[in-house]
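Asker: If you scroll down you'll find the structure; I have some questions about it.
The values are calculated or read from the model by the stated rules, or taken from the named source; none is laboratory data. This structure is a prediction, so every number in the text was calculated from the model and none was measured. Virtual Cβ from ideal backbone geometry, glycine too; neighbours counted across all protein chains shown. Ligands, DNA and RNA are stripped out before the accessible areas are found, and what is left, the full protein with its side chains, is counted by its heavy atoms. Shrake-Rupley method; radii C 1.70, N 1.55, O 1.52, S 1.80 Å.
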Amino acid sequence: MTECRLLSPPGKEQIKRLDVEIETLVIDYYDQHFHGEEYENDWTRDDLKSFGSVGHCIAKNKSIKEIRINSGDDLWLTRIPDREWEAFFRGVSQSGSIKRIFFDGCCLDGHILKLFDIPNLETVEFNRCIITSQTESAVRRAPCLRELALDSYLNVTDAGSMVLLKNSFVESSSLEILDLEISRVSQMTEEGWEVMSDILSSRATFINTLCLSGSQIDDKSVDELTRGLTYNTTLEVLELSCLPLITEAGWLSIFSSLENSNLPLNSISIKKCDRINDVLVSSFCKVCIAKNETIEGVELECEYITAAGWATLSVAFLTPMPNLKRLWMGNTNFDDDALVAFARGLYNKPSLKGMHLVRANISMAGWEEISNALCNTCSLDAIRESNHTLLEIEVYHSYCSRYCPPNIKKLLEINRSGTPLDVTRTKIINYSDKITTESLVDDHQTMQMKLVPSLISWLGKDGYNHNAVYHFVRNQSYLLAGPCNNTSDS
């Protein structure tokens with residue numbers, strides 16, 4: 001059994017189910033009055049008084065790797081008694097096999113530090129939870145914890161969250177991913193962001209992912225954040241979306257700190273930030289250029305970037321970015337001119353796999369430039385130098401009549417059909433009338449001559465273009481001249 005779901009306290013029958021091998025244990029408890037319906041197996045308030053019995057079952061089962069605790073929508077109504085939480089965590093710690101725990105809609109009160117007693121725990125995620133002040137002050141360390149997520153609608157006080165963070169980032173911590181998607185109904189104070197800055201700048205931590213999307217970070221908090229980013233040497237992924245309180249000055253400070261030469265940034269995402277304008281796009285471009293050797297993902301989708309701002313970014317996109325794999329950008333001001341400029345940068349993006357355009361206003365003129373970038377048919381060399389690695393182009397909520405023209409879809413399909421060398425040959429066969437043995441085979445001339453019959457047979461079976469054989473034979477002049485010369489000799 002890969003998953004076991006407990007919809008009521010574990011009686012004899014459910015305990016029996018927990019005796020078998022289980023990978024994921026899901027515990028759903030709901031408040032019947034809140035839902036307005038009666039469910040036969042729902043946890044009642046009295047049932048929560050025996051919640052700790054789940055921990056006893058977990059302690060006996062050594063196969064469980066993941067635990068998910070869901071309270072439904074009754075976050076503010078349901079409280080699990082303290083002694084039951086203690087029994088639960090004691091059982092989880094004794095199991096020794098738990099690697100991931102997800103809390104959804106739970107009031108953990110003063111029990112957070114018990115997480116750091118769990119051996120082998122790698123991932124902890126809190127969604128819609130209450131983390132309050134801690135009664136314990138001793139610093140503990142979860143030696144295997146790699147990912148910590150504090151997600152949406154989290155009611156976090158500095159006392160609660162900072163104790164949690166300090167314990168997560170003590171010396172020799174293994175934590176790599178920190179997701180602080182803190183909701184708009186609560187925010188960390190300046191003291192909290194000072195702790196965050198210390199975490200980012202410390203050489204004893206190895207955090208590589210930081211998500212601040214949706215948090216209430218303002219310019220004062222930005223000062224602490226940028227102090228940490230300026231000295232950070234491990235951060236690779238940064239998500240900064242839906243941040244309404246940061247002003248233009250704050251964003252300029254963030255972008256300046258990201259130019260830190262020791263920062264191995266490879267992915268940056270900025271979406272739905274109304275303060276991002278054309279001036280800030282110029283600073284964003286400096287970050288992309290500074291990180292052109294390491295950058296793998298760029299996402300920029302903000303309403304107030306004009307055509308001029310997209311033009312500025314497109315110029316930066318001409319810079320070689322050998323590791324760039326995904327590009328997400330756009331708004332209603334992203335038009336043909338912007339797409340044409342970005343298309344010209346596809347020639348030096350050998351790793352780019354996906355381009356996502358959001359609400360872009362594109363006509364056939366813009367798509368024509370993309371077509372040329374994918375397969376420039378003016379010469380054989382131009383086809384070889386075209387982009388053979390882009391696999392996907394998606395347009396979301398576009399104003400153009402056709403999201404992706406058929407010819408673009410066909411070229412992308414060809415790009416997905418094989419290695420860049422295979423793709424190059426396929427494009428030559430389909431789109432060039434200058435097809436020759438040399439254009440298909442890189443071997444020595446003698447070997448090329450021996451392969452001519454096989455090439456003609458192969459081209460004849462090709463399903464894309466029945467004219468390929470004609471163009472090939474026509475361009476091999478010796479195939480036509482040879483018999484004539486033999487006749488004259490005889």
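Asker: Ordering Arg344, Arg100 by accessible area with a probe of 1.4 Å, largest first, what comes out?
Answerer: Working: Arg344 135, Arg100 65 Å².
Per-residue accessible area, sorted high to low, gives Arg344, Arg100.
Asker: Pick out, in residue order, every one of the GluC sites (Glu not before Pro) in region 256-328 that is DSSP loop and has at most 12 other C-beta atoms within 10 Å; say none if there are none. Spell out each step's value before the answer.
Answerer: On the way: sites: Glu259, Glu293, Glu296, Glu299, Glu301, Glu303; in loops: Glu259, Glu293, Glu296, Glu303.
Qualifying residues, ordered by number: Glu293.
Asker: While we're looking at this one, here's another question. Assign one of three labels to region 239-345, namely rounded, prolate or oblate, based on the Cα gyration tensor with a ≥ b ≥ c the square roots of its eigenvalues; rounded applies when a/c is under 1.5, prolate when it is not and a/b is larger than b/c, and oblate otherwise. Working shown, then result.
Answerer: Values: a/c = 1.66, a/b = 1.01, b/c = 1.64.
Oblate, because a/c is 1.5 or more while a/b does not exceed b/c.
Asker: Still on this structure: Find the accessible area per residue for region 256-316; the probe is 1.4 Å, ligands and nucleic acids are left out, and the unit is Å².
Answerer: 38
Asker: Which whole-angstrom value gives the distance between the alpha carbon centres of region 198-216 and region 271-324?
Answerer: 22
Asker: Taking all protein chains in place and a 1.4 Å probe, what share, in percent, of the accessible surface of region 301-345 do carbon and sulfur account for? Don't skip to the end; give the middle numbers.
Answerer: Numbers: 980 of 1680 Å².
Within region 301-345, the accessible surface is 59 percent carbon and sulfur.
Asker: Tell me, what is the 1.4 Å probe accessible area of Thr230, in Å² to the nearest 10?
Answerer: 60
Asker: Still on this model: Between Val279 and Val26, what is the FRET efficiency for a Förster distance of 45 Å, r being their Cβ-Cβ separation, to the nearest 0.05? Don't skip to the answer; put the middle values down first.
Answerer: Numbers: r = 49 Å, r/R0 = 1.08.
Calculated value: 0.40.
Asker: What part of the accessible area of region 362-430, given as a whole %, is carbon or sulfur when the probe is 1.4 angstrom? Could the numbers behind the result be given before it?
Answerer: Numbers: 1640 of 3230 Å².
That fraction is 51 percent.
Asker: Sorted by accessible area (1.4 Å probe), largest first, how do Ser256, Ser283 line up? Intermediate values should be presented prior to the final figure.
Answerer: Numbers: Ser256 75, Ser283 20 Å².
The most accessible residue leads, giving Ser256, Ser283.
Asker: How much of Val20 can a 1.4 Å solvent probe reach, expressed as accessible area in Å² and rounded to 10?
Answerer: Accessible area, nearest 10 Å²: 70 Å².
Asker: What shape does region 314-429 take by its C-alpha gyration tensor, where a ≥ b ≥ c are the square roots of the eigenvalues and a/c under 1.5 counts as rounded, a/b above b/c as prolate, and the rest as oblate? Don't skip to the end; give the middle numbers.
Answerer: Details: a/c = 1.72, a/b = 1.45, b/c = 1.19.
Verdict is prolate for region 314-429.
Asker: For Asn376, what residues show an amide H to amide H distance below 5 Å, using hydrogens built from the backbone and excluding near sequence neighbours?
Answerer: Amide H neighbours of Asn376, under 5 Å, 5+ apart: Ser386.
Asker: Residue-wise, which Karplus ³J(HN,Hα) couplings in Hz belong to region 267-283, taking 6.51 cos²θ - 1.76 cosθ + 1.60, θ = phi - 60°, and x for glycine or proline?
Answerer: 3J(HN,Hα) across region 267-283, in whole Hz: 8, 9, 10, 9, 9, 6, 10, 5, 7, 6, 10, 4, 4, 6, 4, 4, 5.
Asker: Sequence gap at least 6, Cα distance under 8 Å: using those rules, report the relative contact order of region 207-265 to the nearest whole percent. Could the numbers behind the result be given before it?
Answerer: On the way: 84 pairs, mean separation 28.2, N = 59.
About 48 percent, as a whole number.
Asker: With respect to the cross-link table entries Lys271/Lys291; Lys291/Lys410; Lys272/Lys353, which display a Cα-Cα separation exceeding 29 Å?
Answerer: Values: Lys271/Lys291 19 Å; Lys291/Lys410 33 Å; Lys272/Lys353 24 Å.
The pairs that break the limit, which is 29 Å between Cα atoms, are Lys291/Lys410.
Asker: Still on this structure, please answer the following. Ignoring ligands and nucleic acids, what accessible area does Met321 show with a 1.4 Å probe (Å², nearest 10)?
Answerer: Answer for Met321: close to 10 Å² accessible.
Asker: Under a plain spin-label model, where a point goes 7 Å from the Cα along Cα-to-Cβ, how far apart in nm are Asp198 and Thr294?
Answerer: Label-label distance for Asp198 and Thr294, simple model: 2.5 nm.
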